Amino acid sequence: LRRNPNEPEFHQAVDEVLSCLGRVIAKHPDYADHALIERICEPERQIIFRIPWVDEQGQVHINRGFRVQFNSALGPFKGGMRFHPSVNVGIIKFLGFEQTFKNALTGMPIGGGKGGSDFDPKGRSELEIMRFCQSMMTELHRHIGEYTDVPAGDIGVGKREIGYMFGQYKRLANRYEAGVLTGKGLSYGGSRARTEATGYGTVWFTDSMLRTRGTSLDGKTVVVSGSGNVAIYAIEKAQELGAKVIACSDSAGYVVDENGLDLDLVKELKEVRRDRISEYDRLKGDGVYYVAGGSIWDVPCDIALPCATQNELNGKDAKTLIRNGVIAVAEGANMPATPDAVNAFHKADVLFAPGKAANAGGVATSALEMQQNASRDSWSFDKTADRLETIMRNIHDDCAETAATYGEQGNYVVGANIAGFVRVAEAMRALGVV
Ligand code: NDP
């Protein structure tokens, strides 16, 4: 705490992992040798920089850019860039720390990192977004590379922003290094199924959990928070597997459609028009209502998929969900459930999937994008999605088996933290004290 003041999200993430490690250290005390635990909690490198840019009125703005290169024992640093006014070093550190274990769980050769800026893209013009991305990359380009650190998207950063960043990187580096960024557009080295990957993966993980209780998504009522990249494709896959998804949200409020959400309309609003989710109510009318503010977790459902942001589902929300009969919760977002909420789900025997396992599909497909770039290849949608489904089902089984091995059957938090930690720790031990 003294070393990392004012970083509550980072403390929360570290606390969760460390609270699971006692069982491993008891079995393998050598994992704690050579200050390995202290080293794993300390980023290898943190970069903070100025991002000046000029708006449409000619006014200069200064934002702050971050890249936290957390752990490269398993491969180049890898993790998204977030553009949101709430971004600060503590948030990026928590995300980078989580990313290290998540990436390990995928079984792919990627280390953990994260970055972003306190820039708010809402209401900014196309040109302003481009100028901002270019200014960010003007500094960031010296710290990244195919073999060093490979950023991707996150909140506020999608294909459009990745395109502008890639264009600026290419110009500054004077080389076409496709593998330096992932989440690229298909026309310049992107991977099929990357856009869908995180949401689809979260639902496959949920389906695997449900199978352990002899059930499935078919006929279940689902609530998904957020209406961004992860939320939209979680809705799509849940609907494909027979669920009725009745609610989604954005930071202003949530919409409920008792007939099941019209996903084409959600996509039109969020991906094309970049509009608010309240517009869904206005355009759709019958059987639909919109609640400004409030908690989407008040809507009764069988399965809850928080896909917006950290700490969006608290202990009180968890109790409401439990009272309403929820049977499974999977984190599409990073750390959306508070520790209180997670405890409540465990106590009530609700299946609970932590983000570092359930939302690993995005980064796993990013690693597949890197493979395609390295071999100058481009796979079909089905081939990529099939590989992703296999990876997600393997992560599920890995977490379930690890939890059982350590006497915590059905506890995916323990399973994910231990399985991820062991992989990173083994590599760190092999590399010596570095
Ligand atoms: P997007 O920017 O596409 O969408 C984010 C959504 O969450 C929007 O609907 C946004 O609403 C809402 N949201 C953001 N901040 C808040 C807030 N403070 N309160 C309520 N709602 C909020 O981001 P993604 O879908 O890419 O990311 C969502 C989550 O998933 C994040 O936690 C991210 O770290 C995680 N994740 C993303 C991956 C990816 O591949 N994209 C991979 C793994 C994890 P509004 O538009 O009003 O801001």
Report P(r) for the chain: all Cα-Cα distances, bin width 10 Å, range 0 to the bin holding the largest distance, values in whole percent. 5, 23, 33, 27, 11, 2, 0
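So in the chain, what percent of DSSP beta bridges are antiparallel if you round to the nearest 5?
Values: 27 of 47 bridges.
Close to 55 percent.
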Taking the dipole of the chain about the Cα centre (Lys, Arg +1; Asp, Glu -1; charges at Cβ), the one of ALA247, ALA173, PRO336 that reaches farthest to the positive side is ALA173
Heads up, the range 187-298 by the C-alpha gyration tensor (a ≥ b ≥ c square roots of eigenvalues; a/c under 1.5 rounded, else a/b over b/c prolate, else oblate) looks oblate
Apply the a/c threshold of 1.5 to the C-alpha gyration tensor of the range 1-117 and tell me whether it is rounded, prolate or oblate. prolate
Hey, what number do you get for the chain at 222 nm if only DSSP H runs of n ≥ 4 count, each worth -39500 (n - 2.57), divided across all residues, to the nearest 500? -14500 deg cm²/dmol
Spatially proximal lysines relative to LYS347 (Cα-Cα < 19 Å; intrachain offsets below 8 disregarded): LYS316, LYS319
Could you tell me the distance between the Cα centroids of the range 309-329 and the range 242-286, to the nearest Å? 21 Å
What distance in nm separates the simple spin-label points at GLU42 and TYR188, each placed 7 Å from Cα in the Cβ direction? 3.9 nm
Selection from LEU36, LEU210, ILE155, by position along the positive dipole direction of the chain (Cβ): LEU36
With +1 on the Cβ of every Lys and Arg and -1 on the Cβ of every Asp and Glu, the dipole magnitude of the chain about its Cα centre, in debye rounded to the nearest 20, is 960 debye
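Calculate what fraction, in whole %, of the accessible area of the chain sits on carbon and sulfur atoms when a 1.4 Å probe is rolled over the protein chains. Each step should come with its number before you reach the end.
On the way: 8330 of 17320 Å².
Exposed carbon and sulfur together represent 48 percent of the surface.
Hey, which of these cross-link pairs are over 23 Å Cα-Cα: LYS93/LYS267; LYS93/LYS356; LYS27/LYS114; LYS93/LYS383; LYS102/LYS184; LYS78/LYS159? If you can, show how the numbers build up before the last one.
Working: LYS93/LYS267 31 Å; LYS93/LYS356 14 Å; LYS27/LYS114 31 Å; LYS93/LYS383 34 Å; LYS102/LYS184 21 Å; LYS78/LYS159 17 Å.
Correct reply: LYS93/LYS267; LYS27/LYS114; LYS93/LYS383.
Report the full-extension gain for the segment ALA252 to TYR289: residue separation times 0.36 nm, less the Cα-Cα distance, to one decimal in nm. All intermediate terms of the calculation are to be shown ahead of the outcome.
Details: separation 37, 0.36 × 37 = 13.32 nm, distance 1.40 nm.
Extra length available between ALA252 and TYR289 comes to 11.9 nm.
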Considering only the range 104-257, what is the antiparallel percent among its DSSP beta bridges, to the nearest 5? 65 percent
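Calculate the dipole size of the range 1-51 relative to its Cα centre from +1 charges on Lys and Arg beta carbons and -1 charges on Asp and Glu beta carbons; express the result in debye to the nearest 20. Before the final figure, lay out each step's value.
Working: 7 positive and 9 negative charges, 22 e Å.
Here the size comes out at about 100 debye.
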Membrane-span-like helices in the chain: DSSP H runs reaching 15 Å or more (Cα, own axis), mean Kyte hydropathy at least 0.0? 8-27, 89-106, 126-140, 412-431
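Find how much the distance from HIS28 to ARG142 grows on full extension, using 0.36 nm per residue of separation minus their present alpha carbon separation; answer in nm with one decimal.
Details: separation 114, 0.36 × 114 = 41.04 nm, distance 3.95 nm.
Answer, rounded to one decimal: 37.1 nm.
For the chain, which longest stretch is free of loop sites, where a loop site is one of the GluC sites (Glu not before Pro) that DSSP puts outside H, G, I, E and B and that has at most 16 other Cβ atoms within 10 Å?
Values: sites that count: GLU56, GLU146, GLU258.
Longest gap between qualifying sites, sites excluded: 259-434.
Measuring with a 1.4 Å probe in the full set of protein chains, what accessible area per residue, in whole Å², belongs to the chain? Let's see the in-between values first.
Working: 17320 Å² over 434 residues.
On a per-residue basis, 40 Å².
Find how much the distance from THR212 to GLU56 grows on full extension, using 0.36 nm per residue of separation minus their present alpha carbon separation; answer in nm with one decimal. Provide the component values of the computation, followed by the final result.
Values: separation 156, 0.36 × 156 = 56.16 nm, distance 5.49 nm.
Gain in length upon complete extension: 50.7 nm.
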Which of these, ASP55, ASP302, ASP257, has the largest mean-square fluctuation under a Gaussian network model of the chain (Cα springs below 10 Å)? ASP55
Trypsin sites (Lys or Arg not before Pro), loop per DSSP, at most 16 other Cβ atoms within 10 Å - longest free stretch of the chain: 4-121
By the scheme Lys and Arg +1, Asp and Glu -1, what is the net charge of all other residues having a beta-carbon under 11 Å from that of PRO339? -3
Can you give the FRET efficiency to the nearest 0.05 for ASP349 and SER380, using r as the Cβ-Cβ distance and R₀ = 56 Å? 0.85
Each label sits 7 Å from Cα toward the beta-carbon; between VAL272 and THR390 the label points are separated, in nm, by 3.6 nm
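Label the range 219-263 by shape, choosing from rounded, prolate and oblate, from the square roots a ≥ b ≥ c of the eigenvalues of the Cα gyration tensor; if a/c is under 1.5 it is rounded, and otherwise prolate applies when a/b is larger than b/c, oblate when it is not.
Numbers: a/c = 2.36, a/b = 1.37, b/c = 1.73.
Oblate is the answer for the range 219-263, as a/c is 1.5 or above yet b/c matches or exceeds a/b.
Work out which chymotrypsin sites (Phe, Trp or Tyr not before Pro) in the chain are exposed loop sites (DSSP not H, G, I, E or B, at most 12 other Cβ within 10 Å) and give the longest gap free of them.
On the way: sites that count: TYR147, TYR176.
Longest run free of exposed loop sites: 177-434.
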Quick check: net charge around GLY75, other residues with Cβ under 12 Å of its Cβ, Lys/Arg +1 and Asp/Glu -1? 0
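The values are calculated or read from the model by the stated rules, or taken from the named source; none is laboratory data. In this text the structure is predicted, and so the values were computed from the model without any measurement. Quick reminder, even Gly has a Cβ in these numbers, built from the backbone with ideal geometry, and neighbours come from all protein chains shown. All accessible areas refer to the heavy atoms of the entire protein, side chains included, with ligands and DNA or RNA removed. Shrake-Rupley method; radii C 1.70, N 1.55, O 1.52, S 1.80 Å.
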